[in-house]
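Q: Input: one structure, supplied below.
The values are calculated or read from the model by the stated rules, or taken from the named source; none is laboratory data. Here the structure is a predicted model, which is why all the values come from computation and not from measurement. Counting neighbours? That spans all protein chains shown, and the Cβs are built from the backbone with ideal geometry, glycine included. When the accessible area is computed, the model is the full protein with side chains, heavy atoms only, and any ligands, DNA or RNA have been set aside. Shrake-Rupley method; radii C 1.70, N 1.55, O 1.52, S 1.80 Å.
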Amino acid sequence: MKAIIVLLAGWLADLFIGDPSWLPHPVVFFGKLIATCERWLNSGSFRRFKGALTAVILIALVYMSFYFLMNWLYGINVFLGMGVGAACVFYCLAGTTLVREVREVFYAVDRSLEEGRMQVARIVGRDTSQLSAQEVRTAALETLAENLSDGVVAPLLWYMLLGVPGMMAYKMVNTLDSMIGYRTARYRDFGCWAAHIDDIANYLPARITALLMLIVTWRFGLLPSVTWYGRGQDSPNSGYPEAALAGILDCRFGGPHDYFGERFEKAYIGSNDRPLTLDDMHRAIRINRSVEVLMVVITVFVLYFIHIIHLYL
């Protein structure tokens, strides 16, 4: 039952607080570790090997550190362990923060295109300086759909499977991919393993996210198109939640993206290239929140079921 209380406390904190900018965040520390390793090792020969070693060691280091930390804290005081565990859950979930950011993107681009470009640059890795107003809105909704998997469903799934250490290790996996998992000249070799590990870690969450989106909107007829467009992307995962949201909203995502001065042709998702509106943003956020609540309920149910099994073993 402790795992359920920790989960609910951390989730409610994220739901009502989000990630205040003044609050120190472990992902910032993860990012500094990754940046230091990349600066020292991403040069010369054997870049792919050094990148693989970096990714595996950092992920294992985070998992083992939090495994021993949580055991030590619970050994001292159960409430101390639960408090730190809830804080970790709070840090790993990113539902509220992205909802706020996406909402601000739509409001900003309605005020001015340049303000919208600057706002969306906070949540996407691509170059936003030349985006049109439609592309700014599209980028925001794509990120909302992808983050529903990366920032909500996946952390909850890994918490369900491996507890706080697994959730934190997943956060390192996700941070590695967001920093070095690109196919640019600089990161193609060094970040190769980081990208592949992230693909593996998100394989189930991406598909679960898409399915939950169809469940909360009762749009099961979209399943064939979600599968079709999901399989047609360079990424083995991100296309599934994006395809689900594009199908529900009857709009089009994808197209060319610029990363670090290089252009990448991303396949389109959906065929209705209509203008996106504030109503689309509000609807997408409602879907996002509904999936989040449903995934929390599923996680609580599974953890309770595991608890009951342990009682009778």
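Q: Rg to Rh ratio, the stretch 86-200, alpha-carbon atoms and Kirkwood radius?
A: 1.03
Q: Along each of its three principal axes, how wide is the spread of alpha-carbon positions in the stretch 144-284, in whole angstrom units, largest first?
A: Each principal axis gives a Cα extent; for the stretch 144-284 these are 39, 38, 27 Å.
Q: Turning to a different aspect of this structure: Divide, for the chain, the radius of gyration over alpha carbons by 2.2 N^0.38 Å, where N is the residue count.
A: 1.00
Q: Which loop chymotrypsin sites (Phe, Trp or Tyr not before Pro) in the stretch 1-73, with loop taken from DSSP, have no more than 16 other Cβ atoms within 10 angstrom of their Cβ?
A: Counting only loop positions with at most 16 other Cβ atoms within 10 Å, the chymotrypsin sites (Phe, Trp or Tyr not before Pro) in the stretch 1-73 are 22, 46.
Q: Percent of alpha carbon pairs in the stretch 138-181 separated by more than 15 Å?
A: Considering the stretch 138-181, 47 percent of its Cα-Cα pairs are separated by more than 15 Å.
Q: For residue 50, go through the lysines and keep the ones whose alpha-carbon is under 28 Å away, minus same-chain ones fewer than eight residues off.
A: Candidates past the 8-residue exclusion: 32, 171.
Q: Over the Cα atoms of the stretch 1-156, compute the convex hull volume and normalise it per residue, giving Å³.
A: 142
Q: Considering only protein heavy atoms, what per residue accessible area in square angstrom results for the stretch 192-275 with a 1.4 angstrom probe?
A: 49
Q: Listed highest first by mean packing, meaning other Cβ atoms within 10 Å per residue, what order do 87-93, 128-134 come in?
A: Ranked by mean Cβ neighbours within 10 Å, highest first: 87-93, 128-134.
Q: Compute the length gained on full extension between residue 301 and residue 115: take 0.36 nm times their separation in residues and subtract their Cα-Cα distance, giving the result in nm to one decimal.
A: 62.6 nm is the gain from fully extending residue 301 to residue 115.
Q: Another question, if that's okay. Select from the chain the helices, each a whole stretch of DSSP H, whose alpha-carbon atoms run 30 Å or more along the helix axis and whose Kyte-Doolittle mean is at least -1.0; answer none if there are none.
A: Membrane-span-like by this rule: 47-76, 278-312.
Q: Follow-up. Please provide three numbers in whole Å: the alpha-carbon extents of the stretch 66-116 along the principal axes, with the largest listed first.
A: 55, 16, 11
Q: What's the carbon and sulfur percent of the chain's accessible surface, probe 1.4 angstrom, rounded to a whole number?
A: Carbon-and-sulfur percentage of accessible area, whole number: 65.
Q: According to a simple spin-label model (label point 7 Å from Cα along Cα-to-Cβ), what is the distance in nm between residue 49 and residue 283?
A: Label at residue 283, label at residue 49, 5.4 nm between them.
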